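Step one of this worksheet: look at the structure below.
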Amino acid sequence: AAALADAHGRSRFGGWRNLPSGPQTKRYALAGEEHEVHEVEYHHTRAGLTAEGVRVVHADATRVVLEVDGVRRKFEVSRHGDQVYVNNTALTALPHFPDPTAQHAPGSLLAPMPGTVVRLAEGLTEGAQVEAGQPLLWLEAMKMEHKITAPATGTLTALHAAPGLQVEVGTLLAVVEDR
């Protein structure tokens, strides 16, 4: 209910596409239990919103009616920032794309985009001393080379990149510890 209300309330054109596409996904945690994550998938179709296992009878930003096995249930939905309340059950809406820097130590060099590591700086190995702004490796993405530089002066304590390695956004490439 929270995902369908959010999908209806935030989409000016309903999110309908002419060609088939994958489902939209929303993630929620029960308030106070962030380790228990519930993922909900839904589609925008010509007929409106659909979700597996339920028939969407009605969905707007504050009220959702679902039918499961012939039984209709009504849900009142309100949202305050990341907090979503469904029939007085508090949920926390989790970000669609979590910030990868929050999951890594300071000095971590993360891939800013998907691509391929094309080369490393000459002589670059773990334990090397590096200067802030020094080029460490080059990533090819969208037919261009992107220079990845040391964020600080310090020691390269981890190197997870090698030429030919294909990476996704947020992949840990290296770690530089400040001096």
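The values are calculated or read from the model by the stated rules, or taken from the named source; none is laboratory data. Just so we're clear, the structure is a prediction, and the values are computed from it rather than from any experiment. Cβ coordinates were reconstructed from backbone atoms using ideal geometry, including for glycine residues, and neighbour counts include every protein chain displayed. Keep in mind that these areas ignore ligands, DNA and RNA; they rest on the heavy atoms of the full protein, side chains included. Shrake-Rupley method; radii C 1.70, N 1.55, O 1.52, S 1.80 Å.
In summary, THR62 fulfils each of the numbered conditions (1) open to solvent by 50 Å² or more (accessible area, probe 1.4 Å); (2) under 21 Å from the mean Cα position of the chain (by Cα); (3) within 30 Å of ALA2 (Cα to Cα) with the single exception of condition (2). Where strands (runs of 3 or more DSSP E) fall entirely within the range 122-179, those with at least 1 residues that are among the aromatic types (Phe, Trp, Tyr) and surrounded by 18 or more Cβ atoms within 10 Å (Cβ to Cβ) are at 135-141. Meeting the requirement of 3 or more residues that are assigned by the TED database to the domain that holds SER21 and touching a residue at least 60 places away in the same chain (Cβ under 8 Å), the strands (runs of 3 or more DSSP E) wholly within the range 38-84 are 71-80.
Look through ALA1, ALA111 and report the one residue that is at pLDDT 90 or above, in contact with a strand residue (DSSP E or B) (Cβ under 9 Å, 6 or more places away or on another chain), surrounded by 16 or more Cβ atoms within 10 Å (Cβ to Cβ) and within 30 Å of PRO135 (Cβ to Cβ). Walk me through it before giving the result.
Working: ALA1 fails: within 30 Å of PRO135 (Cβ to Cβ).
Of the residues listed, the single one that is at pLDDT 90 or above, in contact with a strand residue (DSSP E or B) (Cβ under 9 Å, 6 or more places away or on another chain), surrounded by 16 or more Cβ atoms within 10 Å (Cβ to Cβ) and within 30 Å of PRO135 (Cβ to Cβ) is ALA111.
Scanning the range 65-77 for residues that are in contact with a His (Cβ under 9 Å, 6 or more places away or on another chain) and farther than 22 Å from ARG27 by Cβ, we see that the one that is surrounded by the most Cβ atoms within 10 Å (Cβ to Cβ) is VAL65.
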